[in-house]
Amino acid sequence: MLKIEGLTVAVNGKQILHNINLHIKPGEVHVLFGPNGTGKSTLISTIMGFPKYQVTKGKIYFHGEDVTNMPVYERAKRGIGVMIQRPPTLRGLSVSEMVEICSREKVDIEKLARYVNMTSFLNRAVNDGFSGGEIKRSELLQLMAQNPELLLLDEPESGVDVENIALVGQAVNYILERGTNGFERESLKVRREHRHKAGLIITHTGHILKYVPADVAHILFRGTLSCSGNPQEMLECIGHQGYEACVSCGLLEVRA
Amino acid sequence: MTENSKIVQRAEQAIEKKAAYGRDIDLSSFADQSEQHNAIDPQEISDQQKKSLEAIGVDVSGANRSGTFMQMDHSVVHCNVTNDGVEMLSIDEALRRHGWLMDYWWKAVQPDADKYTARAAIHQEHGYFIRALPNAKIEFPLQACMYIGQEGVVQDVHNIIIVEEGAELNVITGCATDPVVNKGMHIGVSEFYVKKGGKLSFTMIHRWGEEVVVRPRTGVVLEEDAQYLSNFICMHKVNDLQMYPTVRLAGEGAVARMNSILVAVPGSHMDIGGRAVMDVPGTKAELITRSISTGGIIINRGHLLAGAENVKAHLECHGLLLQKDGVIHAIPELEARTDNAELSHEAAVGKIAQEEIEYLMARGLDEEEATATIVRGFLNVNIEGLPESLQKEIDIAVNEFSFGKGA
Ligand SMILES: Nc1ncnc2c1ncn2[C@@H]1O[C@H](COP(=O)(O)OP(=O)(O)O)[C@@H](O)[C@H]1O
Ligand SMILES: [Mg+2]
């Protein structure tokens, strides 16, 4: 679904990402670990296509189509959806108007809002005075309406209290058609066979993994994808030895 | 000497007097006389004229209005009212009928304030008189339309609105030039009086020709517990518009709210102020402006003057520059003459934040749609207590701008 080849990215002329190769297949959820300032947000923002991230080398393919130089909204229309770390406040635009904007097809806004406990926010201006957790829930509400095929999440659990992490996880599963909650029509087996939605989730703490099952984990270290493997295993390795040691242990070679 | 000749005499002294703000206009470059227009039935005007009236909030059918006043150049072409609780007349007719009207004539605006008021005092050609009778609650708005139909003419009108004790009134005023008119001038003296416990909602929508110069001169006097809510909207090209409406909160508990939505396109020059004079304890005022420049110049002034205890007022000017050659200049003034007043202001002028546009683009809007959405949100001043029908007029004007060619 997403294929990144030899991607090198600069911000304001400074190279942040070096020769990244990444392949996310339909139905897969990948997580991205890495210390602060290592380029995780840069990678997600480049996949989404925000203009300040300059691709100086390499290609991004989505469903086989070269999207490297495509404007953000074209990528959104093709099925890429993002939750950035700190979305801006939009005064004068209500959450429900925003959800409307996100919807590619007609959606039941009230129903989606109930799912992420946001019904009382529908008439408020987007992100205006929202707490950290409320911002994440509002983003997920928008993404549920947008219904992307590739979901990019930048630290979905940051600023979210313990009770709400489950809610966040549940909403992510809804979008990715994973987990067991909130589905009325199909059996789990049918769903697993048909599911094709993919995700790339940046997580610092790994808390989200308790709720969202992930298939592959990567460590991004100093702008380079340094290691890939089983998410739980890698999380433990990082927890015990720290990023630097974990990267140098050479668990697995980077897969193209 | 009669009262009126004293007024004219004062005006004559001021005929050359430059206004405190705005470009000095050479009045002799406009025609004094206009041809006489016959009475018209608004339903029988051309489709194009209908369209331009609808664009300034006029309900041509009159179905959702309690009355309609129309003046074209120097002729009152239509005046009818369908509600017993309210009077609507040409101001000259009102002066003939009501001797007491002299008690309100040039009492909220000074005839010698500047050359424009002087000109209106001397040459004035009609204008409307609207009076809501005591305790009358006028459900549907009254509409007044000032129309320039002749090239190069100066239209000078004098309007008076009186809201008697306990009455409630909504007025929509639309000012426009005929689509064929390019150049002209409008001088409008407006004096509004809201008596004890009365309420006036006043919405004014301007839509002028390219080379039109406009000098409204507005004074409002509020008695005890009176409420004044005004909305001014000008989103189309005007050559030069300068005004500084002043509200005197002269009775305890009086409340004034003034909202302005301004768009200056290239070639437009707008100098718009608002002043609340609060000399009586327990009065409140709120002046809010949203201005957008797509290349034109906007000067946004505001002045809150607190001369009594327990006065509370807020001034807010937010400006958005959509083109780099536009200018928005906010000049808020707060003046407290007592230590027990609560005055505040908030001014912010800048361009649209790129990250807001990108945020919307990541949700599937192209750049133009994203910009229009942000502009619409910016103009979306939530106006408390505004009747739904008036909010609709504003929404239409805003939508037309943000999703039309404007943004
Ligand atoms: N606008 C910018 N200008 C210059 N450097 C930037 C800019 N944005 C991010 N960076 C730098 O890029 C690096 C990677 O940042 P980021 O992708 O946000 O890291 P992470 O998400 O892994 O914490 C950091 O060193 C950061 O300071
Ligand atoms: Mg980050």
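The values are calculated or read from the model by the stated rules, or taken from the named source; none is laboratory data. The structure presented is a predicted model; accordingly, all values stated were derived computationally and were not measured. Cβ sites come from the backbone with ideal geometry, for glycine too, and all protein chains shown count toward neighbours. All accessible areas refer to the heavy atoms of the entire protein, side chains included, with ligands and DNA or RNA removed. Shrake-Rupley method; radii C 1.70, N 1.55, O 1.52, S 1.80 Å.
Of interest is the spacing of the C-alpha centroids, which for the stretch B:295-314 and the stretch A:91-114 amounts to 37 Å. The GluC sites (Glu not before Pro) of the stretch B:1-79 that DSSP puts in a loop, and whose beta carbon has at most 15 other beta carbons within 10 Å, are B:E16, B:E35. Across B:F378, B:F232, the residue with the most accessible area heads the list, and the full order at a 1.4 Å probe is B:F378, B:F232. Computed over chain A with a Gaussian network model linking Cα atoms closer than 10 Å, the most mobile of A:G34, A:G229, A:G13 is A:G13. Taking H as built 1.01 Å from N, whose amide H comes closer than 5 Å to the amide H of B:N259, not counting residues under 5 places away? Distant-sequence amide H within range of B:N259: B:S230, B:N231, B:F232, B:I288. How large a share of the accessible area of chain B, in percent, is made up of carbon and sulfur atoms when the probe is 1.4 Å and the other protein chains stay in place? C and S atoms contribute 45 percent here. Measuring against 24 Å, Cα to Cα, the residue pairs B:K107/B:K392; A:K57/B:K351; B:K17/B:K107; A:K25/A:K210 contain B:K107/B:K392; A:K57/B:K351 as the ones spanning a longer distance.
Exposed loop sites here are GluC sites (Glu not before Pro) in DSSP loop states with at most 12 other C-beta atoms within 10 Å. What is the longest stretch of chain A lacking them? Spell out each step's value before the answer.
Numbers: sites that count: A:E105, A:E184, A:E253.
Here the longest segment lacking exposed loop sites spans A:1-104.
Can you give the calculated 222 nm mean residue ellipticity of chain B, where each DSSP H run of n ≥ 4 adds -39,500 (n - 2.57) and the sum is split over every residue, rounded to the nearest 500 deg cm²/dmol? Each step should come with its number before you reach the end.
Values: 7 runs with 72 residues, N = 407.
The per-residue figure over chain B is -5000 deg cm²/dmol.
Residue by residue, the stretch A:102-107 carries 3J(HN,Hα) couplings of 5, 5, 7, 10, 4, 10 Hz when phi is fed to the Karplus relation 6.51 cos²θ - 1.76 cosθ + 1.60 (θ = phi - 60°); x denotes Gly or Pro. A cut-off of 5 Å between modelled amide H atoms, ignoring neighbours fewer than 5 places along the same chain, links B:T173 with B:A144, B:T203, B:M204, B:I205. For the stretch A:93-171, the list of trypsin sites (Lys or Arg not before Pro) that fall in a loop by DSSP and count at most 12 other C-beta atoms within 10 angstrom reads A:K106. The label point for B:K392 and the one for B:Q354, both projected 7 Å from the Cα toward the Cβ, are 4.3 nm apart. Under a straight-distance cross-link criterion of Cα-Cα below 16 Å, which aspartates and glutamates are reachable from A:K111, leaving out those fewer than 8 residues away in the same chain? Candidates past the 8-residue exclusion: A:E97, A:E100, A:E139, A:E184. Annotation note: trypsin sites (Lys or Arg not before Pro) in the stretch B:292-329 located in DSSP loop regions with a Cβ neighbour count of at most 13 within 10 Å are B:K324. Summed over both chains, the contact between A and B buries some 1700 Å² of accessible surface at a probe radius of 1.4 Å. Label separation (A:S120 vs B:E346): 2.2 nm, computed from points 7 Å beyond Cα along the C-beta direction.
Averaged per residue, what accessible area in Å² does the stretch A:20-178 show with a 1.4 Å probe, protein chains only? Walk me through the numbers on the way to the answer.
On the way: 6040 Å² over 159 residues.
Normalised by residue count, the accessible surface of the stretch A:20-178 is 38 Å².
Based on DSSP, what percent of beta bridges with both residues in the protein assembly as shown are antiparallel, to the nearest 5?
On the way: 35 of 180 bridges.
If we restrict to bridges inside the protein assembly as shown, about 20 percent are antiparallel.
Rounded to a whole number, what is D in µm²/s for chain B from Stokes-Einstein with the Kirkwood radius over alpha-carbon pairs (10 °C, 1.306 mPa s)?
Roughly 74 µm²/s, to the nearest whole number.
Inter-label distance, A:Q232 to A:E244: 3.0 nm, where each label sits 7 Å from its Cα along the C-beta direction. Given a 1.4 Å probe and the protein chains as shown, B:M235 ends up with an accessible area of around 10 Å².
Across the alpha-carbon set of the protein assembly as shown, the Rg to Rh ratio works out to 1.10, Rh being the Kirkwood radius.
Counting heavy atoms of the protein chains only and a 1.4 Å probe, report the per residue accessible area for the stretch B:3-352 as a whole number of Å².
Roughly 38 Å² per residue, with all protein chains present.
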